[in-house]
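Read through the structure below, which is laid out as C-alpha cells, and then see the notes.
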Amino acid sequence: MKNHKNKVWRTLGLLSILLTLHLGSMNALAKEETKKGKYEIKWLLAHDPVSLFVEAANFFAREVEKRTNGEINVSILTTQDINLKDHNLTQVYNKKYKIISPDQVIQMLMNGDVEMTQTYTTSLGKYENKLWILDLPYLFRDHNHATKVLDGKIGEQLLAGLGKSNMKGLAFTYSGGFRILPTNGREIRKMEDFKGLRVGTSGSPVAKAVFEKLGGLGVSMPLVKGHEMTKKGLIEGIETTYPRLYSMHQNEVSKVMNDTKHSLFLTSIVVNQTFYKGLPQHLQKVVKEVAKEAAVLERNISIEDGIKTKERCKKDGFKVVELPVSEQQRIKKAVAPLHKKFKNIFDEKIISEIESIN
C-alpha cells in the first residue's frame with residue numbers, strides 16, 4: 001500500500017513538473033507574441049530613388065513602435081525584398097533592379113499585400129482626380145504656403161477621396177520639392193521658350209495639358225525613363241527635381257538646368273483603409289500623427305538636398321537658368337483656361353481657397 005502511495009505521489013509530481021514546463025513554454029510564447037506586436041505594418045518604398053525617403057520611413061518605424069509600446073511593428077521594404085511572382089507583378093523600366101510601376105504599387109496597397117506605401121500624387125490622381133489640381137503651375141507661392149495647404153483642411157479634403165478605393169491618405173511628402181526642367185540645351189527664360197519643346201512629364205493629364213497650352217509637347221512617361229528618352233532624342237527635357245537629378249542620371253544627358261519652380265513634385269503616405277480602420281482608435285491616432293511628422297521630416301530633407309544639389313550643378317559647370325517671377329505669373333495666367341477644360345476635375349472653390357491662404 002505504501003509503495004502504491006509513493007507511486008501516486010511520484011506520478012503527481014511528474015505531472016506537476018510537466019504542467020509547470022508547459023505553462024512556462026506558453027508564457028514564453030506569449031512574451032514572444034507581445035514582443036512581435038499585435039499588428040504589423042509592411043511599408044513598401046517602391047519609387048525611385050528610394051534614398052529620398054529612407055530616413056523618414058525609418059523615423060516612422062521607430063516612433064510608431066515606441067509610442068505604441070510595441071503593439072505595432074513596422075517593416076520597411078523595397079522592391080528588392082519582395083517576390084514579384086508572388087504578387088503577379090512585372091518588372092518594368094530597368095533590367096538590373098526590380099522597379100515596378102506606381103500603378104502596381106497602388107494595387108498591392110489596395111489589395112492588402114502591403115499595409116502602407118508612399119507614391120506619386122499624379123498616380124493617386126487616377127483614384128481621386130482632385131489631386132491633379134496640385135499639378136497646376138505656380139499654385140504655391142513658397143514652401144510655407146504649401147505647408148499650410150497640404151497639412152491643413154484642404155490637404156485633408158483632397159486625400160479623403162482616396163477612401164473609395166480602400167486607401168487612406170495620411171500626409172503629403174515632396175520627393176524633391178519644386179520641379180526643375182533640365183534640357184539638352186534649351187534655356188527657359190520666358191514663356192515663349194516653351195514653344196516646340198518636347199517635355200517628359202508625369203501621367204497627370206493636367207501636367208501634359210500645361211505644356212501643350214504653352215506651345216510645347218507634353219510626353220507622359222515614367223520618370224525613370226528620362227535619361228534613356230533624352231539620350232535617344234525622344235524628349236528634350238523632363239520634369240524632375242534637384243534631389244533626383246544625379247541619382248537618376250539626368251545630369252548625364254542635360255546641359256541646362258532650368259529652375260522653373262513651376263509646380264511641386266508631390267507624393268503621399270497612404271495606408272490600406274481596411275487595415276487602418278481595423279486598428280483601435282488610439283493606434284490609429286499614433287499612425288496618423290507619426291506619418292505627419294515623417295512627412296515634415298522628408299520635406300525638410302528634400303529642401304536641403306535641393307539647395308545642395310543646385311550648388312553642385314553650378315560647380316559641375318551646368319548652366320542654371322532662373323525663370324523670372326514676372327514670367328512665372330505670365331505662365332500662370334496663360335494656363336488659367338485649363339480650369340474650364342478640366343471642370344469635371346477641378347473645384348474652383350478649392351483653387352481659390354489655396355490661393356487665398358496667407
Considering the range 323-342, residues that are among the small types (Gly, Ala, Ser) and outside any loop (DSSP other than H, G, I, E, B), and then whichever is surrounded by the most Cβ atoms within 10 Å (Cβ to Cβ), we arrive at 334
Would you check if there is a residue in the range 326-342 being modelled with pLDDT under 95 and either among the charged types (D, E, K, R) or touching a strand residue (DSSP E or B) at 6+ places or on another chain (Cβ under 6 Å) (or both)?
yes
Of 170, 162, which residue is assigned to a strand (DSSP E or B) and either charged (D, E, K, R) or farther than 21 Å from residue 306 by Cβ (or both)?
170
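Within the range 209-222, identify whether any single residue is without any contact (Cβ under 8 Å) to a residue 60 or more places away in the chain, in contact with a His (Cβ under 6 Å, 6 or more places away or on another chain) and part of a helix (DSSP H, G or I), and answer yes or no. First the steps, then the outcome.
In the first step, residues of the range 209-222 are kept if they are without any contact (Cβ under 8 Å) to a residue 60 or more places away in the chain; the result is 211-212, 215-221.
Now narrow it down to the ones that are in contact with a His (Cβ under 6 Å, 6 or more places away or on another chain): none.
The answer is no; no qualifying residue exists.
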Got at least one residue in the range 65-73 being surrounded by fewer than 17 Cβ atoms within 10 Å (Cβ to Cβ) and at pLDDT below 95?
no
Selection status of residue 160, surrounded by fewer than 16 Cβ atoms within 10 Å (Cβ to Cβ) and over 26 Å from residue 333 (Cα atoms):
yes
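To keep it simple, each residue is scored yes or no on (1) touching a strand residue (DSSP E or B) at 6+ places or on another chain (Cβ under 9 Å); (2) modelled with pLDDT of 95 or more.
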{"residue": "196", "(1), (2)": "yes, yes"}
{"residue": "202", "(1), (2)": "yes, no"}
{"residue": "215", "(1), (2)": "no, yes"}
{"residue": "225", "(1), (2)": "yes, no"}
Unmet criterion (only one of (1) at pLDDT 50 or above; (2) in a helix (DSSP H, G or I)) for residue 43
(2)
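Go through 105, 92, 149, 114 for me and flag whichever is touching a strand residue (DSSP E or B) at 6+ places or on another chain (Cβ under 8 Å) and either at pLDDT 95 or above or assigned to a loop (DSSP other than H, G, I, E, B) (or both). Please lay out each step first, then the result.
Working: 105 fails: either at pLDDT 95 or above or assigned to a loop (DSSP other than H, G, I, E, B) (or both); 92 fails: touching a strand residue (DSSP E or B) at 6+ places or on another chain (Cβ under 8 Å); 149 fails: touching a strand residue (DSSP E or B) at 6+ places or on another chain (Cβ under 8 Å).
From the options 105, 92, 149, 114, the qualifying one is 114.
The values are calculated or read from the model by the stated rules, or taken from the named source; none is laboratory data. Everything numeric here is computed off the predicted structure, so don't read it as measured data. Don't worry about glycine lacking a Cβ; one is built from the backbone with ideal geometry, like all the others, and counts go over all protein chains shown.
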